[in-house]
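K.L.:
Right, I'll just put the structure down here and ask away after.
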């Protein structure tokens, strides 16, 4: 089953990390086009189960066509931020053997110009993972203040020219609304001084707006503690990040769940009383050159693994 689909990022490392048991319970927080999910299902027996989430209706339509009638798969429309609620509904709390969070945007979303995630092909400036919910990027840009735009570009994209870009957007939007990806990319390119020949000047801004529009970091911070509660003793949490802010959140969370909150040094705390809720497994992993050559988007992927202590 897995071999028929596009090979997802760090697939072998993910499967090694999850240690899929035939009768286990597993969660895929971002179904996408089902690459990781199919590989997990290949290793599950008749009594194993996989719960998967996705915000994107296109992903659900694909799943219905590709996996329709698969009794071991329970696919839910919505954010993985709802993981805890669904786990309680299924009576899976403390019983899940492995959870995968493959963060960011999927390749089909990037490749579809109509979704507005990429500036490589012109299309409507939408950026919503669920195009039927929330505000589009173009609508947000039409009404946001210069300061709010700059703050988003700086906070989520670490764009050092955020103020200059925001000023340009606000100055020009009244006469020429920013409604397409090419219009926004061109405006950013004109506003950013100098040129980095290895990266388009709009890269960070597009990434920042996508993260903001879809509340990606909020969802991540929300799901991590829910994931720990769902895991069985010995269960694994596996996270693939594509952005330094995501990876920072995951790294800090695993550290705090292992060592306890980082408190002021003069605070009277007895470390012996703290029982770790997670322990890191190995070091971070990245795609090798062979995988990057086959899939350039794997270059920024960082995988971290943690385990619920027995």
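Nothing in this text is a laboratory measurement; each read-out follows from the coordinates by a stated rule. Keep in mind that this is a model prediction, so the values were computed, not measured. Heads up, the Cβs are rebuilt from the backbone with ideal geometry, glycines too, and the neighbour counts pull from every protein chain shown.
K.L.:
Enter the angle in degrees (range 0 to 90, nearest 10) between the Cα long axis of helix 57-67 and the first principal axis of the Cα atoms of the chain, meaning the one along which they spread out most.
P.N.:
40 degrees
K.L.:
Sticking with this one: Using the reciprocal of the averaged 1/r over all distinct C-alpha pairs, how large is the Kirkwood radius of segment 130-213 in Å?
P.N.:
12.8 Å
K.L.:
Here's something else I'd like to know. Want the number for residue 295 to residue 139: 0.36 nm per residue separation, take away the alpha-carbon distance, what's left?
P.N.:
Full extension from residue 295 to residue 139 adds 52.9 nm.
K.L.:
Then there is this: How compact and how long is segment 63-105, expressed as Rg and Dmax of its alpha-carbon atoms in Å?
P.N.:
12.0, 32
K.L.:
Given Cα pairs under 8 Å that are at least 6 residues apart, what percent is the relative contact order of segment 1-139?
P.N.:
Dividing the mean separation by the residue count of segment 1-139 yields 23 percent.
K.L.:
Can you give me the angle between helix 181-191 and the longest principal axis of the chain, using Cα atoms only, in degrees from 0 to 90, rounded to the nearest 10?
P.N.:
Tilt of helix 181-191: around 70 degrees.
K.L.:
Here's another thing I want to ask about it. Running Debye on the chain with equal point scatterers at the Cα sites and no solvent, what base-10 log of I(q)/I(0) appears at q = 0.09 Å⁻¹?
P.N.:
-0.49
K.L.:
Something else about it: With viscosity set to 0.890 mPa s and temperature to 25 °C, compute the Stokes-Einstein D of segment 5-120, Rh being the Kirkwood radius across alpha carbon pairs; µm²/s, no decimals.
P.N.:
168 µm²/s
K.L.:
Further, regarding this structure: What is the extension gain from residue 11 to residue 221, computed as 0.36 nm multiplied by their sequence separation minus the C-alpha to C-alpha distance, in nm to one decimal?
P.N.:
73.2 nm
K.L.:
Still on this structure: Rounding to the nearest 10 and keeping the result within 0 to 90°, find how far the Cα-based axis of helix 216-230 lies from the longest principal axis of the chain.
P.N.:
0 degrees
K.L.:
Assuming 0.36 nm per residue, please report the length gained on full extension of the stretch residue 148 to residue 89 beyond their Cα-Cα distance.
P.N.:
17.4 nm
K.L.:
Can you tell which of 144, 185, 202 shows the greatest fluctuation in a Gaussian network model of the chain with Cα springs below 10 Å?
P.N.:
Looking only at 144, 185, 202, the biggest GNM fluctuation is shown by 144.
K.L.:
Sequence gap at least 6, Cα distance under 8 Å: using those rules, report the relative contact order of segment 130-213 to the nearest whole percent.
P.N.:
Relative contact order comes out at 39 percent.
K.L.:
Counting alpha carbon pairs within less than 8 Å and at least 6 residues apart, what relative contact order, in whole percent, applies to the chain?
P.N.:
Relative contact order for the chain comes out at 18 percent.
K.L.:
Measuring from centroid to centroid over Cα atoms, what is the spacing of segment 30-81 and segment 95-138 in Å?
P.N.:
Each part reduced to its Cα centre gives a spacing of 17 Å.
K.L.:
Rounded to the nearest 5, what is the percent of antiparallel bridges among the DSSP beta bridges in the chain?
P.N.:
35 percent
K.L.:
Given labels modelled 7 Å from the Cα in the Cβ direction, how far is it in nm from residue 122 to residue 174?
P.N.:
About 2.6 nm, to one decimal.
K.L.:
Please identify, among 117, 67, 80, the residue showing maximal mean-square fluctuation in a Gaussian network model of the chain using a 10 angstrom Cα cutoff.
P.N.:
Looking only at 117, 67, 80, the biggest GNM fluctuation is shown by 67.
K.L.:
Let me ask something additional. Using per-residue counts of other Cβ atoms within 10 Å, averaged over each peptide, order 212-222, 288-298 from highest down.
P.N.:
212-222, 288-298
K.L.:
Most fluctuating residue of 166, 64, 37 in a GNM of the chain with Cα springs under 10 Å: which is it?
P.N.:
The residue that fluctuates most here is 64.
K.L.:
Show that you can apply the helix-only estimate: for the chain, add -39,500 (n - 2.57) for every DSSP H stretch of four or more residues, divide by all residues, and state [θ] at 222 nm to the nearest 500.
P.N.:
Helix-only estimate at 222 nm: -12500 deg cm²/dmol.
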